[in-house]
Amino acid sequence: MAGLMRVGGGGWSASSWLFRWVLTRLADDAGLDRRLESALREIVDENLGWFSLEELGPVDRSMVRSWLADRLVSDAVDRLPVELAEREAVLDHLAELAELAGDLRGGGRDVVQGVRLGAEVRNGTNPRWRSGLAGCDS
């Protein structure tokens with residue numbers, strides 16, 4: 001089973017585990033009011049597989065979009081296990097959702113890529129960055 005998130009005029013689908021992971025992180029970390037936090041947990045607990053930002057009020061919609069655009073990718077870089085199969089593909093897929101949310105509020109691909117690179121450098125999970133340090137003693 002998969003999950004579908006409607007963001008603006010577009011949609012983002014993911015495997016059920018990843019969809020639930022995103023909604024759980026939103027509920028845990030986005031600073032949403034208890035009503036919305038509870039609704040997100042119900043979607044996860046009942047395995048409903050559908051969440052539409054367009055059904056939210058303007059304040060909640062803005063908060064969710066901001067968290068998705070600004071925090072989702074760095075949160076995933078920090079929290080998803082380095083050993084996760086297809087980790088790079090998962091991060092790329094999450095970046096698509098962040099870009100979709102960012103495009104609707106004036107962010108977009110460059111912002112998301114900068115956030116991801118910064119998080120990967122900070123926690124040492126960017127293989128290109130680590131390989132550039134091979135042989136450096138200082």
On a C-alpha basis, how far is the centre of segment 71-94 from the centre of segment 12-40 in Å? Whole number, if you could? 16 Å
Calculate, axis by axis, the spread of Cα positions in segment 1-77 along the three principal axes, and write the results as whole Å, longest axis first. 30, 27, 26
Rounded to a whole number, what % of the accessible area of segment 1-69 do carbon and sulfur atoms account for, probe 1.4 Å? 49 percent
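Averaged per residue, what accessible surface does segment 1-88 expose to a 1.4 Å probe, in Å²? Please list the in-between numbers first.
Details: 4450 Å² over 88 residues.
Each residue of segment 1-88 exposes 51 Å² on average to a 1.4 Å probe.
The values are calculated or read from the model by the stated rules, or taken from the named source; none is laboratory data. Everything numeric here is computed off the predicted structure, so don't read it as measured data. In case anyone asks, the SASA skips ligands and DNA or RNA and just uses the protein heavy atoms, side chains included. Shrake-Rupley method; radii C 1.70, N 1.55, O 1.52, S 1.80 Å.
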